[in-house]
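Asks: Pasting in a structure now, in structure tokens, and then I'll have a few things to ask.
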Amino acid sequence: MKGATNKKRFEATVDVYDFQEEYEVLMKIKKMEKSPLKTTYNQILQNHLSNISFKSYREFVEYLKDDAEMYEDEDLRYLSSYLIEKSFNFETLKLMCAIYHRNMESFNENQVTSLVLDIFLLIILLPMIPARKRILEQIEHKNKEELLILHDAIKNSLYFFNVIITDVRNKMKNLPNAKADEKDIEIYKKYLQFNKLSNEYSIRKDFTASDFAEILGRVERHNRSYNAND
């Protein structure tokens, strides 16, 4: 829809593409010569997440955010900000690190550390960004039994959302004239909750580099296991 007016975008058929191909700035990074940004980009694509420092990850995401702010169209800024967090989880990871750091002794004592990290992995997959924060903040106050219930509830939610997405995609294939209108955009904005995609947690104040590496490493191992079984 690049370059189209608001009216034309609302009237046109909307195709949904893979984020990597759709988001132009990633293609810009991909074409760069040697640079820290391209190194981080390649590490993400190759699932070498444990090799990425917090500083490199932050600079990569900030580059994407700065690029998104250059859009004059407010809808594109909304969508870009949502896609950045949904795909790279930077704000979500910071919150996870802060929770993990301040509760690490308690998690170990109650033998729920592995369970909490598994819940972290599931939360990253949730497409509703504001819900991630609400769920994460509950983790600190739950015992093992309650955490198991939460774990299963998130898994069921993900299954439900994936069924819906598959159903919508299948129906869209048979509805070539399907269009987005202004009402759809307003509903989408409420869903994105643009003003809730950031937090003030920071390394050294709220968590350590080791906390960040532990959680990213867990994601990397999960991705490797998932791909091996795929």
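Asks: Would you be able to tell me the number of residues in region 128-149 that are touching a Phe, Trp or Tyr at 6+ places or on another chain (Cβ under 9 Å), farther than 17 Å from Ser114 by Cα and at pLDDT 90 or above?
Replies: Adding up the residues that qualify gives 0.
Asks: Same structure again: Using the structure shown, decide if Leu76 is surrounded by fewer than 17 Cβ atoms within 10 Å (Cβ to Cβ) and of a type in the set (A, V, I, L, M, F, W, C).
Replies: Values: surrounded by fewer than 17 Cβ atoms within 10 Å (Cβ to Cβ): yes; of a type in the set (A, V, I, L, M, F, W, C): yes.
Spelling it out, Leu76 is indeed surrounded by fewer than 17 Cβ atoms within 10 Å (Cβ to Cβ) and of a type in the set (A, V, I, L, M, F, W, C).
Asks: May I ask you to verify whether Lys133 is free of Cβ contacts under 8 Å to residues at least 40 places away in the same chain and among the basic types (Lys, Arg)?
Replies: no
Asks: Another question, then. Lys31 passes all but one of (1) more than 30 Å from Ile185 (Cα to Cα); (2) basic (Lys, Arg); (3) at pLDDT 90 or above; which number fails?
Replies: Among (1) more than 30 Å from Ile185 (Cα to Cα); (2) basic (Lys, Arg); (3) at pLDDT 90 or above, the lone unmet condition for Lys31 is (3).
Asks: When Asn195 is evaluated against the numbered criteria (1) assigned to a helix (DSSP H, G or I); (2) within 26 Å of Val61 (Cα to Cα); (3) at pLDDT 85 or above, which criterion, by number, is the only one it fails?
Replies: Of (1) assigned to a helix (DSSP H, G or I); (2) within 26 Å of Val61 (Cα to Cα); (3) at pLDDT 85 or above, only one is false for Asn195: (3).
Asks: Oh, and also: Consider only pairs whose beta carbons are under 6 Å apart and that are at least six residues apart or on different chains; among these, list those whose first residue lies in region 29-47 and is under 17 Å from Ala213 (Cα atoms) and whose second residue is among the acidic types (Asp, Glu) and assigned to a helix (DSSP H, G or I).
Replies: Taking only residues 6 or more apart or on different chains, the pairs are Asn47/Glu220.
Asks: Does region 38-62 hold any residues that are of a type outside the set (Lys, Arg), surrounded by fewer than 18 Cβ atoms within 10 Å (Cβ to Cβ) and under 19 Å from Ser202 (Cβ atoms), and which are they?
Replies: Ser53, Ser56, Glu59, Glu62
Asks: So, one more: Scan region 208-230 for residues that are modelled with pLDDT of 85 or more, in a helix (DSSP H, G or I) and among the hydroxyl-bearing types (Ser, Thr, Tyr) and report the count. Can you show your working first?
Replies: First, pick out the residues of region 208-230 that are modelled with pLDDT of 85 or more: 208-222.
Subset that is in a helix (DSSP H, G or I): 209-222.
With the extra rule that they be among the hydroxyl-bearing types (Ser, Thr, Tyr), the set shrinks to 210.
Summing the residues that are modelled with pLDDT of 85 or more, in a helix (DSSP H, G or I) and among the hydroxyl-bearing types (Ser, Thr, Tyr) in region 208-230 gives 1.
Asks: Let me ask something additional. For region 35-49, what are the residues that are more than 18 Å from Glu220 (Cα to Cα) and either within 18 Å of the chain's Cα centre (by Cα) or in a helix (DSSP H, G or I) (or both)?
Replies: Going residue by residue through region 35-49, those that are more than 18 Å from Glu220 (Cα to Cα) are 35-38.
Pro36, Leu37, Lys38 - these are the residues of region 35-49 that are more than 18 Å from Glu220 (Cα to Cα) and either within 18 Å of the chain's Cα centre (by Cα) or in a helix (DSSP H, G or I) (or both).
Asks: Moving to a separate point now. Identify all residues within region 79-107 that are free of Cβ contacts under 8 Å to residues at least 60 places away in the same chain and closer than 21 Å to Ile149 by Cβ; write none if there are none.
Replies: Ile99, Asn103, Ser106, Phe107
Asks: Sticking with this structure for a sec: When you scan region 103-126, how many residues do you find that are buried (at least 21 other Cβ atoms within 10 Å of the Cβ) and assigned to a loop (DSSP other than H, G, I, E, B)?
Replies: 1
Asks: Among the residues of region 50-75 satisfying the criterion of being of a type in the set (Ser, Thr, Tyr) and part of a loop (DSSP other than H, G, I, E, B), which is farthest from Leu122 (Cα to Cα)? Reasoning before the result, please.
Replies: Taking region 50-75 first, the residues of a type in the set (Ser, Thr, Tyr) are 50, 53, 56-57, 63, 71.
From what's left, part of a loop (DSSP other than H, G, I, E, B): 53, 71.
Values: Ser53: 22, Tyr71: 31 Å.
Looking at the filtered set, the residue picked out is Tyr71.
Asks: OK, next. Can you tell me which residues in region 132-143 are part of a helix (DSSP H, G or I) and loosely packed, with under 11 Cβ neighbours inside 10 Å? Outline the logic, then answer.
Replies: Step one: filter region 132-143 for residues part of a helix (DSSP H, G or I), giving 132-139.
If the condition is that a residue be part of a helix (DSSP H, G or I) and loosely packed, with under 11 Cβ neighbours inside 10 Å, then Arg134 is the only one that fits.
Asks: In the list Tyr78, Tyr100, which residue meets the criterion of being at pLDDT 85 or above, of a type outside the set (Val, Ile, Thr) and in a helix (DSSP H, G or I)? First the steps, then the outcome.
Replies: Details: Tyr78 fails: at pLDDT 85 or above.
None of the others qualify; the one that does is Tyr100.
Asks: Condition first: more than 22 Å from Glu220 (Cα to Cα), among the acidic types (Asp, Glu) and either in contact with a helix residue (DSSP H, G or I) (Cβ under 7 Å, 6 or more places away or on another chain) or not in a helix (DSSP H, G or I) (or both). Can you find one or more residues in region 144-156 that meet it?
Replies: So far as region 144-156 goes, no, none of its residues is more than 22 Å from Glu220 (Cα to Cα), among the acidic types (Asp, Glu) and either in contact with a helix residue (DSSP H, G or I) (Cβ under 7 Å, 6 or more places away or on another chain) or not in a helix (DSSP H, G or I) (or both).
The values are calculated or read from the model by the stated rules, or taken from the named source; none is laboratory data. All of these numbers come straight from a predicted model, not from anything done at the bench. No Cβ is skipped: glycine too gets one built from the backbone with ideal geometry, and neighbour counts run over all protein chains shown.
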